[in-house]
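The values are calculated or read from the model by the stated rules, or taken from the named source; none is laboratory data. All figures in this text were calculated on a predicted structure; none of them were measured in a lab. Quick reminder, even Gly has a Cβ in these numbers, built from the backbone with ideal geometry, and neighbours come from all protein chains shown.
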Ligand code: PLP
């Protein structure tokens, strides 16, 4: 940002970004120039949105659904979300707590806007999705990182989080299965966290569960919705982007406690009015139609994550934890004695492989690299061979 231009509000200087988008732009630029680039950078499924979902959107447009909808989402869609949650977690959620938004990301910003301001503290995972730190800082609150540890398979220790809590902590953000590490937090740690939070009745928990259906390791996914003791101060972030390969449709949802819902809805009215109407009809079909597509994607990500994990560990100077979910590998590159960002740039410019430096996900990401498994088996094999050759 141009520091000579003095009229920016000071909060603008605290805003971060998601580097994966600049890597994507550079990778596309190089491809257009004729270079062979394998993209393991951006975090989105490489599958198309399933046909029956696309058809539902086309039908909605043809049926004349062209106008604004209820700001919080069309009632049938909220019902479908509630039914899906009941089916998967056996938890009843009232429609009045569900807010449909243009992408799960919006819930991060809303949570920070609702609970962050100067004098408050918000805890977030590091390495973690970069928008957490950005939104917290923008809100004026102090961004307090907690470390996801490699030796814990990039899970967190509930004790680490609880030790950082104080009366100023207004919000804790957790994310499992996690971007960028592929880590999944075991039920035992989640239980400890929920129990520990009993001492802090004013602290809200935001659980980003956007990768919940891509959990394929030994550790089973457990939604924070299943902990009744915190249900009155729990925000859930979820959506369609990853589960149904719908990143470009811009669809997500939040579940808010009653005392925050009204203001969250007001933010929606102020910012985006409502979500694209035909996309909401597609979202109903996604939740109520056949679910084989989700299973198939989960199986593919598992197979590709295993392939990538095995191949990365064959490279002498790299070591990689086995991903438990999401669609990323996060190998340790410390033996190369090179900054993660330099390695990212060299791999893209010289080896033709787009990846994202661990530091794009926070300071504790130094010494790591994020590779997305959302590419074909052959592309993954070729990319890791290129990385191996480049290192050697
Ligand atoms: N949360 C995490 C952890 C993510 O990785 C992403 C997207 O990459 C999002 C939220 C945002 O998803 P959406 O595309 O629905 O805004």
Give just the number: which of (1) assigned by TED's automatic domain parsing to the domain that holds residue 298; (2) under 30 Å from residue 138 (Cα atoms) does residue 29 not satisfy? (2)
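Specify which of the listed residues (154, 129) is out of contact with any helix residue (DSSP H, G or I) (no Cβ under 9 Å at 6 or more places or on another chain), touching a residue at least 12 places away in the same chain (Cβ under 8 Å) and crowded, with 19+ Cβ neighbours inside 10 Å. Let's see the steps before the verdict.
Working: 129 fails: out of contact with any helix residue (DSSP H, G or I) (no Cβ under 9 Å at 6 or more places or on another chain).
Every option except 154 fails the conditions.
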Given (1) assigned to a loop (DSSP other than H, G, I, E, B); (2) within 16 Å of the ligand (Cβ to nearest atom), where does residue 166 come up short, assuming only one miss? (2)
Checking residue 39 against (1) surrounded by fewer than 16 Cβ atoms within 10 Å (Cβ to Cβ); (2) in contact with a helix residue (DSSP H, G or I) (Cβ under 8 Å, 6 or more places away or on another chain); (3) over 30 Å from residue 143 (Cα atoms); (4) modelled with pLDDT under 95: exactly one of these is not met. Which one? (1)
Being in a loop (DSSP other than H, G, I, E, B), over 20 Å from residue 322 (Cα atoms) and within 11 Å of the ligand (Cβ to nearest atom) is the filter here; which residues of segment 211-241 pass it? 240, 241
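Every residue, every condition in (1) away from the ligand (no atom under 16 Å from the Cβ); (2) surrounded by 21 or more Cβ atoms within 10 Å (Cβ to Cβ); (3) in a helix (DSSP H, G or I), yes or no:
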{"residue": "57", "(1), (2), (3)": "yes, yes, yes"}
{"residue": "70", "(1), (2), (3)": "yes, no, no"}
{"residue": "78", "(1), (2), (3)": "yes, yes, yes"}
{"residue": "125", "(1), (2), (3)": "no, yes, no"}
Taking segment 94-113 and keeping residues outside any loop (DSSP other than H, G, I, E, B), more than 13 Å from the ligand (Cβ to nearest atom) and out of contact with any strand residue (DSSP E or B) (no Cβ under 8 Å at 6 or more places or on another chain) leaves 95, 96, 113
Kindly indicate which of 312, 251, 317 is surrounded by fewer than 20 Cβ atoms within 10 Å (Cβ to Cβ), at negative phi and modelled with pLDDT of 95 or more. 317
Having 1 or more residues that are outside the structural domain of residue 369 (by TED's automatic domain parsing) and within 30 Å of residue 113 (Cβ to Cβ) is the bar; report the helices (runs of 4 or more DSSP H) wholly within segment 247-359 that clear it. 258-271, 277-288
Have a look at 64, 34 and point out the one that is away from the ligand (no atom under 16 Å from the Cβ), within 22 Å of residue 286 (Cβ to Cβ), assigned to a loop (DSSP other than H, G, I, E, B) and free of Cβ contacts under 8 Å to residues at least 12 places away in the same chain. 64
Testing residue 291 on (1) more than 14 Å from the ligand (Cβ to nearest atom); (2) farther than 26 Å from residue 182 by Cβ; (3) out of contact with any helix residue (DSSP H, G or I) (no Cβ under 8 Å at 6 or more places or on another chain), one condition comes back false. Which one is that? (2)
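Sort out which residues of segment 39-55 are in contact (Cβ under 8 Å) with a residue 40 or more places away in the chain and not in a loop (DSSP other than H, G, I, E, B), and write them in order of number.
If the condition is that a residue be in contact (Cβ under 8 Å) with a residue 40 or more places away in the chain and not in a loop (DSSP other than H, G, I, E, B), then 39, 52, 53, 54, 55 are the ones that fit.
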Please indicate, with yes or no, whether at least one residue in segment 144-156 is over 28 Å from residue 319 (Cβ atoms), outside any loop (DSSP other than H, G, I, E, B) and either within 15 Å of the ligand (Cβ to nearest atom) or not assigned by TED's automatic domain parsing to the domain that holds residue 193 (or both). no
Sort through 171, 205, 197 and tell me the only one that's within 16 Å of the ligand (Cβ to nearest atom), free of Cβ contacts under 8 Å to residues at least 60 places away in the same chain and in contact with a strand residue (DSSP E or B) (Cβ under 8 Å, 6 or more places away or on another chain). 205
Looking at 164, 149, 192, 222, which one is without any contact (Cβ under 8 Å) to a residue 24 or more places away in the chain and either in contact with a strand residue (DSSP E or B) (Cβ under 9 Å, 6 or more places away or on another chain) or buried (at least 16 other Cβ atoms within 10 Å of the Cβ) (or both)? 149
